[in-house]
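Enquirer: This is the structure I have questions about; it appears just below.
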Amino acid sequence: MSVDRISGGDALRTIEAVSVLEGGLLDLSWSDKTRATVDMRPMLDLPALASLRDPVLFAQATVGDWGHSIIWPGEIEIGADRLWAETLSAAQRDDTRVFLDWRRRHGLSLSKAASALGLSRRAVAYYSNGEKRVPRPVLLACRGWEVEKAEAA
């Protein structure tokens with residue numbers, strides 16, 4: 001997988017192309033060659049995105065500067081991080097999505113996540129970048145870590 005890397009070891013994916021499909025769907029192409037059709041309809045229930053229910057406006061989606069978002073007229077924008085999470089679900093990679101959500105929710109770098117779970121930093125990078133599937137015991141350890149942290153607070 002050829003992707004740019006940021007200093008922390010996480011893959012920095014950018015959106016290379018977007019195609020609007022009927023029914024509130026976006027076909028997204030990413031810099032790592034991942035491609036998926038994302039159903040945007042659940043997001044369009046958010047008040048900030050309600051205007052995108054208009055098919056004419058929705059059809060005007062374009063890739064934002066440097067591939068870090070999808071933008072529409074009227075200063076409507078959805079960031080690449082959110083769209084990557086939706087891409088993971090569309091590609092049936094919920095394991096990676098859950099793992100990334102756990103890291104983001106707790107502000108964990110690769111090193112801190114590795115320490116929290118008793119894993120190598122490299123394993124956490126593989127799981128975070130989607131290069132390897134996240135094993136169920138690791139996902140359960142993430143939940144256990146959250147419970148332990150909540151009880152300590």
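The values are calculated or read from the model by the stated rules, or taken from the named source; none is laboratory data. Please read these numbers as outputs of a predicted model, since none were measured by experiment. So basically every Cβ, Gly included, is an ideal-geometry build from the backbone, and we count neighbours across all protein chains shown.
Enquirer: Out of curiosity, is L25 touching a helix residue (DSSP H, G or I) at 6+ places or on another chain (Cβ under 8 Å) and either within 29 Å of C142 (Cα to Cα) or surrounded by 12 or more Cβ atoms within 10 Å (Cβ to Cβ) (or both)? It would help to see each step written out before you state the result.
Expert: Values: touching a helix residue (DSSP H, G or I) at 6+ places or on another chain (Cβ under 8 Å): no; either within 29 Å of C142 (Cα to Cα) or surrounded by 12 or more Cβ atoms within 10 Å (Cβ to Cβ) (or both): yes.
Here the answer is no, as L25 does not meet what is asked.
Enquirer: Scan the helices (runs of 4 or more DSSP H) fully inside region 42-153 and keep the ones with 2 or more residues being more than 16 Å from L12 (Cα to Cα), hydrophobic (A, V, I, L, M, F, W, C) and over 15 Å from the mean Cα position of the chain (by Cα).
Expert: On the way: elements: 55-58, 80-90, 94-106, 110-117, 121-129, 136-152.
Filter on region 42-153 gives 55-58, 110-117, 136-152.
Enquirer: Same structure again: So, of the residues in region 32-54 that are of a type in the set (A, V, I, L, M, F, W, C) and surrounded by 13 or more Cβ atoms within 10 Å (Cβ to Cβ), which turns out to be nearest to E131 (Cα to Cα)?
Expert: A36
Enquirer: Hey, another quick one. Among L57, L100, which is the only one that is within 23 Å of E16 (Cα to Cα), modelled with pLDDT under 95 and either surrounded by 14 or more Cβ atoms within 10 Å (Cβ to Cβ) or not assigned by TED's automatic domain parsing to the domain that holds V20 (or both)? Step through it out loud before you land on a result.
Expert: On the way: L57 fails: modelled with pLDDT under 95.
The unique qualifying residue is L100.
Enquirer: Something else: Any residue in region 72-84 that's closer than 16 Å to L46 by Cβ: show its pairings with residues that are small (G, A, S) at Cβ separation under 7 Å, as long as the two are six or more apart or on different chains.
Expert: Taking only residues 6 or more apart or on different chains, the pairs are W72/A61; G74/S51; I76/S51; E77/G64; E77/S69; I78/S69; G79/S69.
Enquirer: Something else now. Out of curiosity, is G130 at pLDDT 95 or above and either surrounded by 13 or more Cβ atoms within 10 Å (Cβ to Cβ) or in the same structural domain as V147 (by TED's automatic domain parsing) (or both)? If you could, list the steps in order and put the result at the bottom.
Expert: Details: at pLDDT 95 or above: no; either surrounded by 13 or more Cβ atoms within 10 Å (Cβ to Cβ) or in the same structural domain as V147 (by TED's automatic domain parsing) (or both): yes.
No, not satisfied.
Enquirer: Moving on. I need every pair where a residue in region 15-28 that is free of Cβ contacts under 8 Å to residues at least 12 places away in the same chain and in the same structural domain as M40 (by TED's automatic domain parsing) has its Cβ under 9 Å from the Cβ of a residue that is of a type in the set (G, A, S) and assigned to a strand (DSSP E or B), sequence separation at least 6 or different chains.
Expert: S19/S29; D27/A17; D27/S19; D27/A36
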